[in-house]
Amino acid sequence: MRIDNMLPVLVVEDDAVIRDLFVECLQEHGYEVVGAATAEEAMQRLAGAAAPLLAVTDIDLGAGRSGIEFADWLHGKWPELNVIFASGRLDRLNGRAFDPRETCLGKPFSLAKLIERVRNAQASPMAGSA
C-alpha cells in the first residue's frame, strides 16, 4: 500500500545491509524512500528537489560529513525538517541539545520502532531520544 502524495523519506546509512533493510521496511509501509550511503551522496540526490518528508541518518557515516553535520545542513536548507538519528554510537552526539525537529533511536531497535517514529514525525515535531 503506497501512501499517496507522500514526500520521500531520506535514509542516510553507510552500512548497505542496514540501509537496504530500512528502505525496504519503509517501502513496505507505503513510503517513498531515497537512500544514500553518505551525506554527500544525499546532498547530490536532493539537489533541486523539494524537502523530503523527514530524514533518518546514522551519526557515523564514515568519510565526509557526519550525520550530525548533515542534519545541520538539512536544517539550514529546510528549517522545519524532522531528523531521526539512528545509530549505535549515540555517544557521538556529544551532548547535543535536541530541538523539536530531532530525535534518536539507539541501535539495535526494532523495525516497528522505526515505523512508529516515522509516523510520529509526520504528525508533529519531535524531541529527545529513546
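Summary of computed values
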{"item": "Size of electric dipole in the stretch 22-121: Cβ of Lys, Arg +1 and of Asp, Glu -1, about Cα centre, debye, nearest 20", "result": "160 debye"}
{"item": "All-pairs Cα distance distribution in the chain, expressed in whole percent, bin size 5 Å", "result": "2, 11, 24, 27, 22, 11, 2, 0"}
{"item": "Within a Gaussian network of the chain (alpha carbon springs, distance under 10 Å), most fluctuating of E102, E13, E116", "result": "E116"}
{"item": "Helix-derived mean residue ellipticity, 222 nm - over the chain, DSSP H n ≥ 4, -39500 (n - 2.57), to 500", "result": "-10500 deg cm²/dmol"}
{"item": "Amide proton proximity set for V56, modelled H, under 5 Å, gap of 5+", "result": "L10, V11, V12, I84"}
{"item": "Choice from V83, V17, V33 with maximal GNM fluctuation in the chain (Cα, 10 Å cutoff)", "result": "V17"}
{"item": "Placed amide H near V33: partners under 5 Å, 5+ positions off or other chain", "result": "V9"}
{"item": "Calculated Rg and Dmax of the stretch 16-91 using C-alpha coordinates, Å", "result": "12.0, 33"}
{"item": "Residue among A55, A63, A42 with the largest mean-square fluctuation in a Gaussian network model of the chain, springs linking Cα atoms under 10 Å", "result": "A63"}
{"item": "Ranking of E24, E80 by count of other Cβ atoms within 10 Å, fewest first", "result": "E80, E24"}
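Read-outs: derived from the displayed coordinates by stated rules, not from any lab. All of these numbers come straight from a predicted model, not from anything done at the bench. Quick reminder, even Gly has a Cβ in these numbers, built from the backbone with ideal geometry, and neighbours come from all protein chains shown.
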